[in-house]
Amino acid sequence: GAIGLFLLWDVSGFFGGGILAGFLRQVLDPFLMVFVLQAIVYGWMFYLLTKAGLPVRELFKPFRWSWVGKGYLLCLGSVFVVNVSMAKLLGESPQSENPVLKLFLDAAAWKFGFLGLLVVFVGPVFEELMFRGWLVGSLREKWGDTAAIVVSSALFAVIHGDLPGMPALFALGLVFGWVYRRSGSLWASILVHGMWNATTFSLLISVMP
(Lines give C-alpha, C1' and ligand atoms only; values in the text may rest on other atoms or scores of the structure.)
Protein backbone atom coordinates (compact mmCIF):
# COMPACT_ATOMS: atom_id res chain seq x y z
CA GLY A 1 0.00 0.00 0.00
CA ALA A 2 2.78 2.45 0.87
CA ILE A 3 4.69 1.74 -2.34
CA GLY A 4 1.46 1.89 -4.34
CA LEU A 5 0.68 5.30 -2.88
CA PHE A 6 4.19 6.47 -3.67
CA LEU A 7 3.93 5.31 -7.29
CA LEU A 8 0.53 6.98 -7.63
CA TRP A 9 2.02 10.26 -6.48
CA ASP A 10 5.17 9.86 -8.56
CA VAL A 11 3.55 8.89 -11.86
CA SER A 12 0.50 11.13 -11.67
CA GLY A 13 2.30 14.13 -10.21
CA PHE A 14 5.33 14.17 -12.47
CA PHE A 15 3.57 13.00 -15.62
CA GLY A 16 0.85 15.60 -15.13
CA GLY A 17 3.46 18.18 -14.16
CA GLY A 18 5.46 17.44 -17.31
CA ILE A 19 2.42 17.97 -19.51
CA LEU A 20 1.55 21.17 -17.68
CA ALA A 21 5.12 22.41 -18.04
CA GLY A 22 4.82 22.07 -21.80
CA PHE A 23 1.91 24.51 -21.79
CA LEU A 24 3.32 26.86 -19.14
CA ARG A 25 6.66 27.13 -20.91
CA GLN A 26 5.04 29.41 -23.46
CA VAL A 27 3.51 31.86 -20.97
CA LEU A 28 5.62 31.71 -17.80
CA ASP A 29 9.29 32.40 -17.20
CA PRO A 30 11.38 29.55 -15.70
CA PHE A 31 11.20 31.04 -12.20
CA LEU A 32 7.41 30.98 -11.99
CA MET A 33 7.14 27.64 -13.79
CA VAL A 34 9.37 25.88 -11.25
CA PHE A 35 7.36 27.20 -8.33
CA VAL A 36 4.00 26.39 -9.88
CA LEU A 37 5.06 22.81 -10.65
CA GLN A 38 6.54 22.31 -7.19
CA ALA A 39 3.38 23.64 -5.58
CA ILE A 40 1.30 21.16 -7.61
CA VAL A 41 3.56 18.17 -6.88
CA TYR A 42 3.89 18.90 -3.16
CA GLY A 43 0.23 19.78 -2.81
CA TRP A 44 -0.76 16.48 -4.43
CA MET A 45 1.63 14.67 -2.07
CA PHE A 46 0.15 16.36 1.00
CA TYR A 47 -3.37 15.49 -0.13
CA LEU A 48 -2.52 11.80 -0.61
CA LEU A 49 -0.72 11.55 2.73
CA THR A 50 -3.63 13.22 4.49
CA LYS A 51 -6.07 10.74 2.93
CA ALA A 52 -3.75 7.87 3.90
CA GLY A 53 -3.94 8.95 7.53
CA LEU A 54 -0.26 9.81 8.06
CA PRO A 55 0.15 10.30 11.86
CA VAL A 56 1.91 13.64 11.57
CA ARG A 57 1.89 14.47 15.29
CA GLU A 58 3.57 11.18 16.17
CA LEU A 59 6.39 11.86 13.72
CA PHE A 60 7.48 15.22 15.13
CA LYS A 61 8.71 14.31 18.58
CA PRO A 62 11.40 16.03 20.68
CA PHE A 63 14.91 14.88 19.82
CA ARG A 64 18.53 15.26 20.82
CA TRP A 65 20.38 17.79 18.68
CA SER A 66 23.45 15.60 18.63
CA TRP A 67 21.70 13.44 16.01
CA VAL A 68 21.66 16.39 13.63
CA GLY A 69 25.41 16.83 13.93
CA LYS A 70 26.05 13.10 13.57
CA GLY A 71 23.78 12.94 10.54
CA TYR A 72 25.43 15.87 8.78
CA LEU A 73 28.91 14.44 9.33
CA LEU A 74 27.71 11.10 8.00
CA CYS A 75 26.36 12.86 4.91
CA LEU A 76 29.76 14.41 4.25
CA GLY A 77 31.59 11.14 4.82
CA SER A 78 29.23 8.90 2.87
CA VAL A 79 29.06 11.16 -0.20
CA PHE A 80 32.85 11.52 -0.19
CA VAL A 81 33.33 7.74 -0.05
CA VAL A 82 30.71 7.13 -2.76
CA ASN A 83 32.19 9.72 -5.11
CA VAL A 84 35.75 8.45 -4.63
CA SER A 85 34.59 4.87 -5.20
CA MET A 86 32.67 5.82 -8.33
CA ALA A 87 35.66 7.75 -9.66
CA LYS A 88 37.86 4.67 -9.26
CA LEU A 89 35.29 2.45 -10.96
CA LEU A 90 34.52 4.81 -13.85
CA GLY A 91 37.91 6.43 -14.20
CA GLU A 92 36.41 9.88 -13.63
CA SER A 93 34.32 11.65 -11.03
CA PRO A 94 30.54 11.44 -11.53
CA GLN A 95 29.21 14.77 -12.82
CA SER A 96 25.84 15.31 -11.20
CA GLU A 97 23.62 17.78 -13.04
CA ASN A 98 20.74 19.84 -11.72
CA PRO A 99 18.48 20.86 -14.63
CA VAL A 100 16.60 23.40 -12.50
CA LEU A 101 19.70 25.50 -11.89
CA LYS A 102 20.29 25.78 -15.64
CA LEU A 103 17.00 27.65 -15.89
CA PHE A 104 18.36 30.29 -13.52
CA LEU A 105 21.71 31.03 -15.16
CA ASP A 106 20.85 34.66 -15.90
CA ALA A 107 18.22 35.16 -13.18
CA ALA A 108 18.21 38.00 -10.69
CA ALA A 109 19.69 37.38 -7.23
CA TRP A 110 16.31 37.55 -5.49
CA LYS A 111 15.07 34.65 -7.64
CA PHE A 112 17.97 32.54 -6.44
CA GLY A 113 16.93 33.47 -2.92
CA PHE A 114 13.45 32.07 -3.44
CA LEU A 115 14.88 28.98 -5.09
CA GLY A 116 17.11 28.54 -2.04
CA LEU A 117 14.06 28.69 0.25
CA LEU A 118 12.42 25.95 -1.80
CA VAL A 119 15.53 23.75 -1.80
CA VAL A 120 16.61 24.26 1.81
CA PHE A 121 13.30 24.53 3.67
CA VAL A 122 10.26 23.42 1.68
CA GLY A 123 11.75 20.43 -0.16
CA PRO A 124 13.24 18.68 2.91
CA VAL A 125 9.96 18.91 4.83
CA PHE A 126 7.83 17.30 2.10
CA GLU A 127 10.47 14.76 1.06
CA GLU A 128 11.04 13.62 4.63
CA LEU A 129 7.30 13.32 5.17
CA MET A 130 7.04 11.07 2.13
CA PHE A 131 10.22 9.00 2.25
CA ARG A 132 10.94 8.71 5.96
CA GLY A 133 7.63 9.52 7.63
CA TRP A 134 5.39 7.57 5.26
CA LEU A 135 7.50 4.97 3.46
CA VAL A 136 9.84 3.99 6.29
CA GLY A 137 7.04 4.18 8.84
CA SER A 138 4.79 1.93 6.75
CA LEU A 139 7.30 -0.57 5.34
CA ARG A 140 9.06 -1.22 8.65
CA GLU A 141 5.91 -2.81 10.10
CA LYS A 142 6.26 -5.69 7.64
CA TRP A 143 9.90 -5.67 6.57
CA GLY A 144 11.74 -4.17 9.54
CA ASP A 145 13.83 -1.00 9.82
CA THR A 146 16.76 -1.99 7.59
CA ALA A 147 14.72 -3.07 4.56
CA ALA A 148 12.36 -0.12 4.93
CA ILE A 149 15.23 2.38 4.96
CA VAL A 150 16.96 0.70 2.01
CA VAL A 151 13.82 0.64 -0.15
CA SER A 152 12.86 4.22 0.69
CA SER A 153 16.43 5.35 -0.03
CA ALA A 154 16.38 3.64 -3.43
CA LEU A 155 13.12 5.36 -4.33
CA PHE A 156 14.51 8.64 -3.01
CA ALA A 157 17.50 8.32 -5.37
CA VAL A 158 15.44 7.32 -8.40
CA ILE A 159 12.86 10.07 -8.08
CA HIS A 160 15.49 12.82 -8.39
CA GLY A 161 16.17 11.73 -11.97
CA ASP A 162 19.89 12.40 -11.69
CA LEU A 163 21.61 9.24 -12.96
CA PRO A 164 25.22 10.23 -12.15
CA GLY A 165 24.15 11.33 -8.68
CA MET A 166 22.01 8.30 -7.79
CA PRO A 167 24.67 6.44 -5.75
CA ALA A 168 25.27 9.53 -3.60
CA LEU A 169 21.54 10.19 -3.28
CA PHE A 170 21.00 6.60 -2.18
CA ALA A 171 23.70 7.01 0.48
CA LEU A 172 22.08 10.25 1.66
CA GLY A 173 18.72 8.49 1.90
CA LEU A 174 20.29 5.85 4.12
CA VAL A 175 21.69 8.55 6.40
CA PHE A 176 18.38 10.43 6.61
CA GLY A 177 16.56 7.19 7.41
CA TRP A 178 19.11 6.26 10.06
CA VAL A 179 18.83 9.69 11.70
CA TYR A 180 15.04 9.46 11.71
CA ARG A 181 14.94 6.01 13.31
CA ARG A 182 17.69 6.66 15.87
CA SER A 183 16.44 10.09 16.90
CA GLY A 184 12.78 9.07 16.87
CA SER A 185 11.77 12.36 15.26
CA LEU A 186 11.27 13.54 11.71
CA TRP A 187 12.51 16.97 12.79
CA ALA A 188 16.04 15.60 13.02
CA SER A 189 16.09 14.13 9.51
CA ILE A 190 14.48 17.30 8.10
CA LEU A 191 17.21 19.44 9.65
CA VAL A 192 20.01 17.19 8.35
CA HIS A 193 18.36 17.13 4.92
CA GLY A 194 18.01 20.92 4.90
CA MET A 195 21.60 21.47 6.04
CA TRP A 196 22.88 19.18 3.30
CA ASN A 197 20.77 20.90 0.65
CA ALA A 198 22.00 24.29 1.87
CA THR A 199 25.60 23.10 1.51
CA THR A 200 25.20 21.72 -1.99
CA PHE A 201 23.07 24.66 -3.14
CA SER A 202 25.71 27.13 -1.97
CA LEU A 203 28.47 25.20 -3.71
CA LEU A 204 26.51 24.97 -6.96
CA ILE A 205 25.72 28.67 -6.92
CA SER A 206 29.37 29.55 -6.24
CA VAL A 207 30.62 27.72 -9.35
CA MET A 208 27.89 28.88 -11.74
CA PRO A 209 29.07 31.28 -14.46
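The values are calculated or read from the model by the stated rules, or taken from the named source; none is laboratory data. The structure presented is a predicted model; accordingly, all values stated were derived computationally and were not measured. No Cβ is skipped: glycine too gets one built from the backbone with ideal geometry, and neighbour counts run over all protein chains shown. What goes into the accessible areas is simple: the full protein's heavy atoms, side chains included, and nothing from ligands, DNA or RNA. Shrake-Rupley method; radii C 1.70, N 1.55, O 1.52, S 1.80 Å.
Below is a table of values for the structure above.
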quantity: Segment VAL36-SER202, length gained on full extension (0.36 nm per residue, minus Cα span); calculated: 57.4 nm
quantity: Residue among MET195, MET130, MET33 with the largest mean-square fluctuation in a Gaussian network model of the chain, springs linking Cα atoms under 10 Å; calculated: MET33
quantity: Helical contribution to [θ] at 222 nm, DSSP H n ≥ 4, -39,500 (n - 2.57), averaged over the chain, rounded to 500; calculated: -24000 deg cm²/dmol
quantity: Two-decimal Rg to Rh for the chain - Kirkwood Rh, Cα set; calculated: 0.96
quantity: FRET efficiency, 1/(1 + (r/R0)^6) with R0 22 Å, evaluated for LEU7 and VAL122 via beta carbons; calculated: 0.45
quantity: Span per principal axis, largest first, for the Cα atoms of segment 111-209 (Å); calculated: 48, 27, 17
quantity: Mean separation of Cα contacts under 8 Å (6+ apart) over length of the chain, as relative contact order %; calculated: 30
quantity: Estimated FRET transfer efficiency when R0 is 22 angstrom, pair ALA147-ILE19 (beta carbons, to 0.05); calculated: 0.05
quantity: Exposure ranking of PHE63, PHE14 by accessible area [1.4 Å probe, largest first]; calculated: PHE14, PHE63
quantity: Extension reserve of the HIS160-GLU58 stretch, reckoned as 0.36 nm per residue once the Cα distance is removed; calculated: 34.0 nm
quantity: GLU92 versus TRP65: modelled label distance in nm, points set 7 Å from Cα along the beta carbon direction; calculated: 4.4
